[in-house]
1. Taking the conditions exactly as written (among the acidic types (Asp, Glu) and more than 24 Å from residue 390 (Cα to Cα)), does residue 442 satisfy them or not?
2. Consider the range 374-410. How many of its residues are among the hydrophobic types (A, V, I, L, M, F, W, C), within 49 Å of the chain's Cα centre (by Cα) and surrounded by 13 or more Cβ atoms within 10 Å (Cβ to Cβ)?
3. Residues that are open to solvent by 60 Å² or more (accessible area, probe 1.4 Å), in a helix (DSSP H, G or I) and closer than 25 Å to residue 321 by Cα: does the range 345-365 have at least one?
4. For residue 73, state whether it is out of contact with any strand residue (DSSP E or B) (no Cβ under 6 Å at 6 or more places or on another chain), surrounded by fewer than 17 Cβ atoms within 10 Å (Cβ to Cβ), modelled with pLDDT of 85 or more and not acidic (Asp, Glu).
5. Tally up the residues in the range 366-384 that are part of a strand (DSSP E or B) and of a type in the set (Gly, Ala, Ser), please.
6. Does residue 443 satisfy the condition of being under 49 Å from the mean Cα position of the chain (by Cα), of a type outside the set (Phe, Trp, Tyr) and farther than 30 Å from residue 228 by Cα?
7. Looking at 178, 209, 167, 220 in this structure, which one is touching a Leu at 6+ places or on another chain (Cβ under 7 Å) and either in a helix (DSSP H, G or I) or open to solvent by 100 Å² or more (accessible area, probe 1.4 Å) (or both)?
Amino acid sequence: MTGSSSRPAPRLRLRGYLGTRLGPLALLLAVVVAISAPVAFYVLGTQAARVQASATAQQFAAVVRREAEQRPLLWKYDSPKMLAHLRTYDDARVQIEHIAVVDNQGQSIDRGGELDYTALSQSPLAWESAPVLVNNEQVAEVWVAASTAEVRSGALRMLALFGLIGLCLAGLMYWLPLRAMGRVEEEIETLLAQLRESRAAMRTLADNLEQQVEARSSDLSRALAELKDKEQNLRELSTRAVSMQEAERRAIARELHDSAGQSLTAIRIHLQLIEGLSAAATTDQAKGGRLTELAGRTTAMVDDTLEEIRRAVNTLGPAVLDDVGLAEAVERACLDLAERLEIEVDCDVRLPNKDLPAAIETSCYRVVQEALTNITRHARPSHVAVSVVIDSGVATVRVSDDGRGFDPAAAIRAGRSRGLVGMRERAELLGGDLQIDSAPGDGATVTAVIPLS
């Protein structure tokens with residue numbers, strides 16, 4: 001930029017260009033104006049002199065014809081006197097310089113003096129002739145010379161005057177466009193200077209804007225990096241929270257299993273003993289029957305409570321993962337569903353040989369567990385397919401059925417899909433995604449994709 005701004009800007013050459021184009025036109029205008037009127041005046045004046053000379057020649061020919069008809073033998077001898085008289089003819093419109101009569105042999109009948117042909121040749125003349133006819137026979141010819149000196153002098157005066165006018169017009173035609181072009185050139189140069197200043201200002205602004213953009217980009221990059229760090233920290237924190245929640249659930253489940261489960265089991269055994277003793281010791285058959293019935297009902301209630309505690313334990317913490325692993329736990333869940341609903345359940349589990357992170361195993365099992373729970377409650381299917389495949393660093397869990405189906409968006413809006421929301425949150429906490437494909441009467445497919453890293 002410094003190199004380009006240090007060089008002087010090239011100046012415009014509009015006036016010089018226009019001047020070279022206007023010069024020949026101005027000269028042509030001066031010539032045309034200078035010679036057009038004088039030439040026209042000279043041509044018209046000469047034509048008028050010729051017309052007058054022709055008329056005069058015809059008049060003189062008529063006089064000579066009358067003289068020749070009246071005096072056929074003597075008209076040539078009297079012609080000099082007649083010509084001398086005719087030469088005194090004067091017309092204000094044209095100046096007659098000479099009148100001559102030539103017979104049919106070409107001899108002049110004017111014997112009164114010799115003509116000064118040198119003077120006649122030097123003066124501007126317009127010659128015209130008229131025949132003298134006697135009995136339709138040409139006996140002579142009258143020649144009249146009219147002077148065009150006045151016409152020529154007038155044409156010269158007009159040439160000087162119109163030449164001056166042509167020069168003035170040519171000068172105006174040359175000067176006025178150049179003056180206007182000079183103003184236009186100054187305005188264009190001013191605009192170009194402003195344009196150069198605007199370009200310089202734009203370059204400066206662009207440099208400043210580029211610096212600002214770079215600074216903002218750096219700030220945004222730092223902010224994005226910080227946001228990614230915070231997102232990663234939040235994800236790790238969420239993962240730890242889920243892990244702690246799972247650990248807490250397992251602790252609660254273990255506590256329920258160890259304390260409440262054992263207590264209820266002991267109560268059930270005691271109830272069975274009471275039932276047996278009461279049946280043997282009681283003499284009153286009616287009271288003994290009622291006591292036995294009450295003990296049996298209490299035993300059934302304890303069995304139901306134990307089953308509910310077992311289900312709660314499985315829900316709070318899948319201890320089966322700790323016991324048998326993910327593959328066996330998924331297969332057991334599929335077998336349990338097949339036995340409970342008496343339907344066909346296909347199970348496909350493909351896991352790597354190495355151990356998986358506990359959070360991944362728990363999330364995969366929870367997705368399968370929640371999907372099978374929803375199928376049990378709502379789907380009424382005849383066939384269910386479950387697959388858990390881990391490949392290329394990604395865990396893919398897919399559960400599909402041919403049941404009644406539903407509208408996922410409507411279910412989420414109605415607040416009747418806590419299980420669906422829970423599955424999605426589990427997948428998203430680990431950086432994955434969960435997709436639900438279903439429609440009323442068209443079955444349902446739940447697909448969770450969770451990255452291992």
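1. yes
2. Counting residues in the range 374-410 that are among the hydrophobic types (A, V, I, L, M, F, W, C), within 49 Å of the chain's Cα centre (by Cα) and surrounded by 13 or more Cβ atoms within 10 Å (Cβ to Cβ) gives 5.
3. Yes, because at least one residue in the range 345-365 is open to solvent by 60 Å² or more (accessible area, probe 1.4 Å), in a helix (DSSP H, G or I) and closer than 25 Å to residue 321 by Cα.
4. Here the answer is no, as residue 73 does not meet what is asked.
5. Matching residues across the range 366-384 total 0.
6. Considered against the rule, which asks whether it is under 49 Å from the mean Cα position of the chain (by Cα), of a type outside the set (Phe, Trp, Tyr) and farther than 30 Å from residue 228 by Cα, residue 443 comes out as yes.
7. 178
Residue by residue, here is whether (1) at pLDDT below 85; (2) surrounded by fewer than 17 Cβ atoms within 10 Å (Cβ to Cβ) holds:
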position	(1), (2)
412	yes, yes
415	yes, yes
422	yes, yes
436	no, no
440	no, yes
447	no, no
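The values are calculated or read from the model by the stated rules, or taken from the named source; none is laboratory data. Here the structure is a predicted model, which is why all the values come from computation and not from measurement. Every residue, glycine among them, receives a Cβ derived from its backbone with ideal geometry; neighbour counts consider all protein chains shown. Only protein heavy atoms, including side chains, enter the accessible area calculation; ligands, DNA and RNA are left aside. Shrake-Rupley method; radii C 1.70, N 1.55, O 1.52, S 1.80 Å.
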